[in-house]
Amino acid sequence: MDFALTPEQEDLCRTLRAFAARELAPRSQSWDKGGEFPWDVWRQLGELGIFGFRVPPEYGGIASDFLTMGLATEQIARGDFSCTAGIQLAGLAGEILGRHASDEVKRRWLPPVAAGEAIVALALTEPSVGSDAARLVCRAERDGDEYVLTGEKSGITLGMAAHATVLFARTTDARARGITTFLVPLDLPGVTRSPLRDMGGRLIGRAVISLDHVRIPVSHRLGPEGGGFYEVMRGFDFNRIIIALACLGIAQVSLDETMAYVKERHAFGRALARFEGVSFPIAEAATQLEAARWLCYRALWLCDHEMPFTKEAAMVKWLAPKLGAEVVHQCLLLHGHYGYTDELPFEQRLRDVIGLEIGDGTAEVMKIIVARELMGRESLPY
Ligand SMILES: Cc1cc2nc3c(=O)[nH]c(=O)nc-3n(C[C@H](O)[C@H](O)[C@H](O)COP(=O)(O)OP(=O)(O)OC[C@H]3O[C@@H](n4cnc5c(N)ncnc54)[C@H](O)[C@@H]3O)c2cc1C
């Protein structure tokens with residue numbers, strides 16, 4: 001067993017940690033309060049290469065492993081949690097388009113995604129269908145060399161800022177086998193969008209995307225008809241680990257700041273750090289973060305070595321967002337009444353991290369997957 005990071009990974013972590021502290025953290029609270037989408041920051045992130053991890057090099061990406069992508073995400077989350085959604089979506093676009101898109105679609109979309117100049121969202125959830133996504137109702141009807149899309153997608157991260165979306169629609173009535181994936185530019189006639197008002201993640205936001213007889217060429221289908229679930233979505237599992245590491249990154253920076261604070265702040269004639277009621281929760285949080293982090297790294301290592309990792313990915317996807325929220329909450333409390341103000345970052349971080357207890361699959365859905373991997377289909381609720 002070798003637990004060491006490579007010198008290149010160590011260097012990247014140092015660079016991104018410094019970037020996150022210098023460029024992201026100071027602006028994070030103002031992004032939370034609204035305003036224009038910060039494309040300048042997206043381009044900076046693109047220049048750093050972090051949107052290119054899963055984009056093939058011939059389309060502007062960099063050849064990288066999954067572990068490096070996870071390490072980078074952890075560091076960016078220390079500066080601003082929402083920015084890690086950009087890494088996820090660029091990674092998913094790189095994987096999905098890289099494997100399933102026509103050359104025309106790859107050439108049009110992958111270079112700007114890697115450069116931080118375009119965003120490709122991912123639209124699966126619908127107003128009446130979330131966890132049970134195989135029952136989605138958005139339809140795609142073939143009409144000559146085109147498909148005609150009609151339906152509504154809801155809760156789509158970066159849905160207002162995105163230029164295009166990977167979209168799942170029904171081409172036949174055969175449940176999961178009837179679902180096909182498309183790349184849909186969002187400036188086409190018949191597309192309308194409206195923002196959701198979320199408690200957190202306000203920099204990126206989520207949107208409802210409506211499609212009213214939207215025509216796209218057949219060349220924009222990703223993978224075969226009916227392959228949406230079993231061929232395209234199968235490549236998604238790595239993203240659960242990337243999400244988990246974002247949650248651990250935001251928790252770790254909160255813990256680091258809290259350790260510094262409790263050594264400085266005094267009560268009852270001593271530093272807060274001298275009270276076990278203060279130091280023990282910190283020790284527990286540090287232990288749990290360390291344990292979760294190594295499960296994430298191992299899951300990414302399995303992924304990089306093309307070994308099964310579905311179970312581990314589902315394990316960290318339920319564990320890390322919950323742990324992240326608990327640790328940030330504890331850190332907020334250890335800052336006393338200052339922690340409750342919006343002058344300190346904890347309340348925003350708490351609002352942000354809770355989103356990923358739901359986004360990309362809830363804890364219950366993840367536990368269904370873990371149970372299925374452990375006990376087989378006899379454990380499934382359907
Ligand atoms: C921050 C955020 C970002 C998101 N980004 C995107 C995105 O970019 N693209 C996209 O397509 N979607 C996105 N979503 C939507 C997200 O994927 C869904 O919200 C999620 O899959 C849950 O679906 P639902 O909200 O319809 O809940 P439901 O499926 O209605 O579930 C409601 C509750 O019931 C529980 N439940 C459901 N079935 C079971 C079961 N069998 N056993 C036990 N409990 C069960 C759930 O765990 C949950 O607690 C995002 C959501 C959030 C919050």
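Could you check the range 337-382 and list, in sequence order, the residues that are part of a loop (DSSP other than H, G, I, E, B), near the ligand (Cβ under 9 Å from one of its atoms) and under 30 Å from A25 (Cα atoms)?
Within the range 337-382, I358, G359, D360, G361, T362 meet the criteria.
Keeping to the range 211-244, report how many residues are outside any helix (DSSP H, G or I) and within 14 Å of the ligand (Cβ to nearest atom).
Adding up the residues that qualify gives 1.
Counting just the residues of the range 165-205 that are of a type outside the set (S, T, N, Q) and in contact with an Asp or Glu (Cβ under 6 Å, 6 or more places away or on another chain), which one comes out farthest from the ligand (Cβ to nearest atom)?
So the residue we want is G190.
Picking from A299, A320, which residue would you name as being at pLDDT 95 or above, surrounded by 13 or more Cβ atoms within 10 Å (Cβ to Cβ), farther than 23 Å from V129 by Cα and within 15 Å of the ligand (Cβ to nearest atom)?
Working: A299 fails: within 15 Å of the ligand (Cβ to nearest atom).
After applying the criteria, what remains is A320.
Looking at (1) buried (at least 17 other Cβ atoms within 10 Å of the Cβ); (2) within 22 Å of E326 (Cα to Cα), find the lone condition where A291 falls short.
For A291, the failing item is (1).
Conditions tested, residue by residue: (1) touching a residue at least 24 places away in the same chain (Cβ under 8 Å); (2) surrounded by fewer than 17 Cβ atoms within 10 Å (Cβ to Cβ); (3) at positive phi.
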site: L92; (1), (2), (3): yes, no, no
site: G98; (1), (2), (3): yes, no, no
site: I119; (1), (2), (3): yes, no, no
site: S131; (1), (2), (3): yes, yes, no
site: A140; (1), (2), (3): yes, no, no
site: Y147; (1), (2), (3): yes, no, no
site: T150; (1), (2), (3): yes, yes, no
site: G155; (1), (2), (3): yes, no, yes
site: T172; (1), (2), (3): yes, yes, no
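Wholly within the range 1-120, which helices (runs of 4 or more DSSP H) include no fewer than the required count, namely at least 1 residues that are of a type in the set (F, W, Y) and over 30 Å from L350 (Cβ atoms)?
Details: elements: 7-19, 25-32, 39-47, 66-79, 83-100, 103-115.
It comes to 103-115.
Where residues in the range 136-154 are within 17 Å of S210 (Cβ to Cβ) and in a loop (DSSP other than H, G, I, E, B), which of them is farthest from the ligand (Cβ to nearest atom)?
The qualifying residue farthest from the ligand (Cβ to nearest atom) is V137.
Have a look at A118, A85, A162, A133 and point out the one that is within 12 Å of the ligand (Cβ to nearest atom) and either at pLDDT below 95 or in contact with a His (Cβ under 6 Å, 6 or more places away or on another chain) (or both). Break it down into steps so the answer makes sense when it comes.
Details: A118 fails: within 12 Å of the ligand (Cβ to nearest atom); A85 fails: either at pLDDT below 95 or in contact with a His (Cβ under 6 Å, 6 or more places away or on another chain) (or both); A162 fails: either at pLDDT below 95 or in contact with a His (Cβ under 6 Å, 6 or more places away or on another chain) (or both).
Result of the check over A118, A85, A162, A133: A133.
The values are calculated or read from the model by the stated rules, or taken from the named source; none is laboratory data. Just so it is clear, the model here is predicted, and its values are computed rather than measured. A quick note on method: Cβ atoms are made from the backbone with ideal geometry, for glycine too, and the neighbour counts reach across all protein chains shown.
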